[in-house]
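The values are calculated or read from the model by the stated rules, or taken from the named source; none is laboratory data. Only a predicted model underlies this, so the values are computations on that prediction, with no experimental measurement involved. Glycine also receives a Cβ, built like all others from the backbone with ideal geometry; neighbour counts cover every protein chain displayed. Note: accessible area is taken over every heavy atom of the protein model, side chains too, but ligands, DNA and RNA are not part of it. Shrake-Rupley method; radii C 1.70, N 1.55, O 1.52, S 1.80 Å.
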Amino acid sequence: MPYAADSSFLDFLTKNNYLSKAQSKFLQEQIKLGRTLHESLRNFLADEEILLLKSNYYGVQRIRLAELGIDSFAASQIPEQLAIKYNLIPFQIQENRLCIAMSDPSDRRAIEDVVLYTGYKTELYLAAPEEIKVAIREVYTVQQSQEDSIDDYQGPFNVWRIEEKAEAENEGPIIRLVDSLLNQAIREMASDIHWEPEEESYRVKFRIDGKLEVKAVLPGSFARGVAARLKVMAGLDVTERRRPQDGKIVLDLSGKKIDIRVSTFNTVYGEKVVTRILDYETAKLSLAELGMRKDVEEGVRKLLLKPHGLILVSGPAGSGKTTTLYALLRELHTESLNIVSIEDPVEYRLPGVNQAQVNTKIGLDFAQGLRAILRQDPDIIMVGEIRDRETAQIATAAALTGHLVLTTIHTNTASEALVRLLEMDIEPYIVAASICGVIAQRLVRRLCPFCRERKSVPSAFKHAFSWEGIEFIYGPKGCYRCRGTGYKGRIGIHEFLPYGYEIKELVLKKGSALDIERMARSLRIASLKDDALIKVAEGWTSLEEIIGLLEGFN
């Protein structure tokens, strides 16, 4: 593109005092060296400021593709190569005009090429360069894989024929489709992919920040071929479609190893496959990075100094309990300690920890594994979960005989964790003597720091939550960085129940969970509900995100 348009825009910025003459000269030199104007302007102006100035100067409306969405038919009017070359993408067709999102609306050659290729008159809109790149990657890669698959499809898939073809040509349509979706899921930091067969379609969903999102809707005939491809990658029996199977895929993505756990389950419409993507960065999180308040973090660290005792982490499935255990083990790791774990399954490899996995086929459950660990001269023991009376008995006995034991238990609150042990017929005096602390937790979506927006606190909430001194909280808005959801990542909500004299007395008397809750509140121990409200008041998450959590507790 000639530099005339850029020079004109630079003159506008300089005359209106957005840039100094020295800065303008520097930018002109950068453009001559091949850098884009937008990229160079970032040295002096924020992204959104650049876009608003462009919008005013060129008279083109600023849009956010993540909020509007993209019509796949509109996008298909131009090839991927053209979209990449000019960093633009058609997103709608209105009144026989092709609506195009561009990062540089002054590029006349790009517009002429689109008109020449499509025959449509164009309507130009301005979008962030990175937002357009993400849209191109998501729309064209999966779309092309689907089209290739449909073109090649001739009746039921012969899995081995597709595999042989892939080896000969280095890629096959089903392989491209599966690989592109796996890569997309990793880029978008999805924790799981659900490959779901239905009566007439085949849906692919990503679980991102705890929520499922539909990413592709394919013909129902794809189900067998995709399931077969995933099973081959995981080393599973391709011919077995009735019984559930579990396996593992290891991907090499630009030199980075990605572990993917695969689970199959036969439904009335075919095999459903769930692939869980294990992010090793999760196992490296510190206590502070989990979202613990300073007082909770300090209390937990004091527990880790104890030479023996049982530390319980409670919460429902998917609340991040295992991640918390790993963070605790990383804090404890030293060459002078023998740390051993029994898990189901081992999700992440931890340096310095001797990890073992439950294997029910050979009779190795948590109880059996725990017995064996006690003969390994351990200092610290991690038990993936207390599921039954036998495991609870061995874990509490180990805590009483000089070992620090870390484990999880499925209860909603910290007080219910103590009562659950009593319900497993563990003697009250053993529970009272072995426990040294309980952490209860949940995960909620974290507000996107780039687009969260401030809003007034409704007067009803001020009174209900004692927020008289709080005028503003934050809510979701949506941008390309968070895919229009308003949320990016998750943060923990925690309740830390230190095991003091008052709580022990209630346990010895076989007090109820409600009795323990009341005692905790009288001791001014913040509940899950309290911590959730603190996270909202501090701008970490939104009121909408924690409403369900608030309704679950008194």
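Observations
- Condition broken by Thr118, with the remaining ones in (1) among the hydroxyl-bearing types (Ser, Thr, Tyr); (2) touching a Lys or Arg at 6+ places or on another chain (Cβ under 9 Å); (3) open to solvent by less than 40 Å² (accessible area, probe 1.4 Å) satisfied: (2)
- Output for region 443-473, where each listed residue is out of contact with any Pro (no Cβ under 8 Å at 6 or more places or on another chain), in contact (Cβ under 8 Å) with a residue 40 or more places away in the chain and either of a type in the set (A, V, I, L, M) or assigned to a strand (DSSP E or B) (or both): Leu443, Val444, Arg445, Arg446, Ile470, Ile473
- The residue that is most open to solvent (accessible area, probe 1.4 Å), counting only those in region 310-334 that are part of a loop (DSSP other than H, G, I, E, B) and in contact with a helix residue (DSSP H, G or I) (Cβ under 9 Å, 6 or more places away or on another chain), is Gly320.
- Within region 281-301, considering residues that are open to solvent by 60 Å² or more (accessible area, probe 1.4 Å) and over 15 Å from His333 (Cα atoms), the one modelled with the lowest pLDDT: Glu281
- Residue list for region 341-398, filter: of a type in the set (D, E, K, R) and on the phi > 0 side of the Ramachandran plot: Asp377
- Residue in region 408-415 that is open to solvent by 10 Å² or more (accessible area, probe 1.4 Å), part of a helix (DSSP H, G or I) and closer than 18 Å to Gly309 by Cα present: no
- Taken over region 55-90, residues that are of a type in the set (Ser, Thr, Tyr), in contact with a helix residue (DSSP H, G or I) (Cβ under 6 Å, 6 or more places away or on another chain) and crowded, with 16+ Cβ neighbours inside 10 Å amount to 1.
- Some residue of region 421-429 being touching a Pro at 6+ places or on another chain (Cβ under 8 Å), outside any helix (DSSP H, G or I), of a type outside the set (Val, Ile, Thr) and in contact (Cβ under 8 Å) with a residue 24 or more places away in the chain: no
- Among the residues of region 116-137, those that are hydrophobic (A, V, I, L, M, F, W, C) and either in contact (Cβ under 8 Å) with a residue 12 or more places away in the chain or under 24 Å from Asn56 (Cα atoms) (or both) comprise Leu124, Leu126, Ala127, Ala128, Ile132, Val134, Ala135, Ile136.
- Among residues of region 67-80 that are within 17 Å of Asn96 (Cβ to Cβ), those with a Cβ under 6 angstrom from a residue that is among the aromatic types (Phe, Trp, Tyr) and open to solvent by 50 Å² or more (accessible area, probe 1.4 Å), sequence gap 6+ or separate chain, pair up as Ile78/Tyr117.
- Residues (open to solvent by 60 Å² or more (accessible area, probe 1.4 Å) and either among the basic types (Lys, Arg) or assigned to a strand (DSSP E or B) (or both)) located in region 484-534: Lys488, Arg490, Lys504, Lys509, Lys510, Arg518, Arg521, Arg524
- Some residue of region 361-376 being of a type in the set (A, V, I, L, M, F, W, C), in contact with a helix residue (DSSP H, G or I) (Cβ under 7 Å, 6 or more places away or on another chain), within 20 Å of Ile260 (Cα to Cα) and not in a strand (DSSP E or B): no
- Where Thr541 falls short, out of the listed (1) part of a helix (DSSP H, G or I); (2) β-branched (Val, Ile, Thr); (3) open to solvent by less than 30 Å² (accessible area, probe 1.4 Å): (1)
- Check on Thr360, over 14 Å from Ile380 (Cβ atoms) and not acidic (Asp, Glu): yes
- All positions within region 433-483 that are surrounded by fewer than 22 Cβ atoms within 10 Å (Cβ to Cβ), over 17 Å from the mean Cα position of the chain (by Cα) and of a type in the set (Lys, Arg): Arg454, Lys455, Lys462, Lys477
- Only listed residue being under 30 Å from Gly69 (Cα atoms) and either open to solvent by 30 Å² or more (accessible area, probe 1.4 Å) or touching a Ser or Thr at 6+ places or on another chain (Cβ under 7 Å) (or both), chosen from Pro219, Pro244: Pro219
- Flag if Thr396 is within 25 Å of the chain's Cα centre (by Cα), outside any strand (DSSP E or B), crowded, with 19+ Cβ neighbours inside 10 Å and in contact (Cβ under 8 Å) with a residue 60 or more places away in the chain: no
- If you filter region 100-113 down to residues that are farther than 15 Å from Gly59 by Cα and touching a helix residue (DSSP H, G or I) at 6+ places or on another chain (Cβ under 7 Å), you find that the one that is least open to solvent (accessible area, probe 1.4 Å) is Ala110.
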